[in-house]
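Take a look at the structure below.
The values are calculated or read from the model by the stated rules, or taken from the named source; none is laboratory data. Not measured: the values here are computed from a predicted model. Please note: Cβ atoms are built from the backbone with ideal geometry, for glycine as well, and neighbour counts cover all protein chains shown.
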Amino acid sequence: MKNLPQIIAVVGPTCSGKTGIGIALAKHFGGEVICADSRTVYKGMDIGTAKPEADSGLPPFMGGSRGAIDEGDSILGIDSLFTSRPRMVESIPHWGIDLVNPDEVFTVSKFQEYADKKIAEIIGRGHVPILVGGTGMYIRAVLDRPNYANAEPDAVLRSELEAMSDNELLEEIASRDPDTASTIDDRNRRRLVRALEILRTTGKTLADRQEFGEPIYDALQIGITKPREQLYAAIDLRVDEMIGKGLVDEVRKLRDQFGDDCPGMTGIGYRQIADFFQKKEQLRDAVIRIKYDSHHYAKRQETWFQRDLRIVWVSDVYEAKEKAHNFLKR
């Protein structure tokens, strides 16, 4: 893939350490991070999405060439005064955060368009674009340029599917498309209904419907792996920290402003606490379910990424730097 712009993607399950490694690579190689996470795009959803904590003060105005980013480097031009600013985390710009309100739909195609624009800007500044995230479809949209056959919504069919239970939806999805069933968020009813609607309408599995365009980037994918026991322990600790930081109050404010059924509230952590407010279960049980559902989600993420044989798996930042160095010097 000579002559294509070089980008790095840091992928893996939740709590595997992607954020820290992404920042380390950005500092070492002069990079800027684009968050590839379907939840951090939502404004006001900070604690439950584990957004990286922003530096205090305003982001610096920077410009420069490839190489380690210094405190005095300037990343943004004067025109950035009139556009969105990155979240500065340990002096590294993070894009892809706080793009829309929780009641807005943010699609994979919208992320692809946004990421392409930011990648071009980052490369134009002489820096390395580094995608960091666990939303596999976001990563695939940027690297593999998929085009999906359209399936127009069917009101009659949708009504029939809405009458089915989550288990019934998942069972039929599994019978028609086992691969999709193994990776779909089986606790997100909206996605279950839409997935089965597409399967019934098109008669094709997700894999059968996929068409890929020519790649436009030379990409290195670095996968972060962690033993399952350690991963689950890290998830449980993060959930406890989220509760301690005020997740319940965050969900209360979001419910008051946007209700329970907006797109943003379907995420893990938000829907369980919303159930607590609806008196469907005790807070203790909701927290236990957040942990369990997060474990389940991490397992699905591992399944998704392990299918991609191009991913180079590493266990620490030193291995990640070595892989990135060999890639960038090509």
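Remarks
- Where a residue in region 164-178 is within 10 Å of LEU196 (Cα to Cα) and in the same structural domain as GLY203 (by TED's automatic domain parsing) and its partner, wherever it lies, is outside any helix (DSSP H, G or I) and among the basic types (Lys, Arg), with Cβ under 7 Å and at least six apart: none
- Single residue of ILE97, ILE130, ILE122 found to be under 30 Å from ALA324 (Cβ atoms) and assigned to a strand (DSSP E or B): ILE130
- Criterion applied to GLN301, GLN230 was being surrounded by fewer than 15 Cβ atoms within 10 Å (Cβ to Cβ) and under 20 Å from LYS18 (Cβ atoms), and the one residue passing it is GLN230.
- Qualifying residue in region 109-131 (condition: within 14 Å of the chain's Cα centre (by Cα), modelled with pLDDT of 95 or more and under 14 Å from GLY22 (Cβ atoms)): yes
- Subset of region 179-232 (residues that are β-branched (Val, Ile, Thr) and either over 18 Å from THR303 (Cα atoms) or within 20 Å of the chain's Cα centre (by Cα) (or both)): THR180, THR183, ILE184, VAL193, ILE198, THR201, THR202, ILE216, ILE222, ILE224, THR225
- Positions within region 205-238 being at pLDDT 90 or above, part of a helix (DSSP H, G or I) and out of contact with any Lys or Arg (no Cβ under 7 Å at 6 or more places or on another chain), in sequence order: ARG228, GLU229, GLN230, LEU231, TYR232, ALA233, ALA234, LEU237, ARG238
- Residues considered: ARG238, ARG252. Of these, the only one that is outside the structural domain of SER38 (by TED's automatic domain parsing), closer than 28 Å to GLU104 by Cα, in contact with a Cys (Cβ under 7 Å, 6 or more places away or on another chain) and not β-branched (Val, Ile, Thr) is ARG238.
- Test for THR19: is it assigned to a loop (DSSP other than H, G, I, E, B), under 16 Å from PRO93 (Cα atoms) and modelled with pLDDT of 95 or more: no
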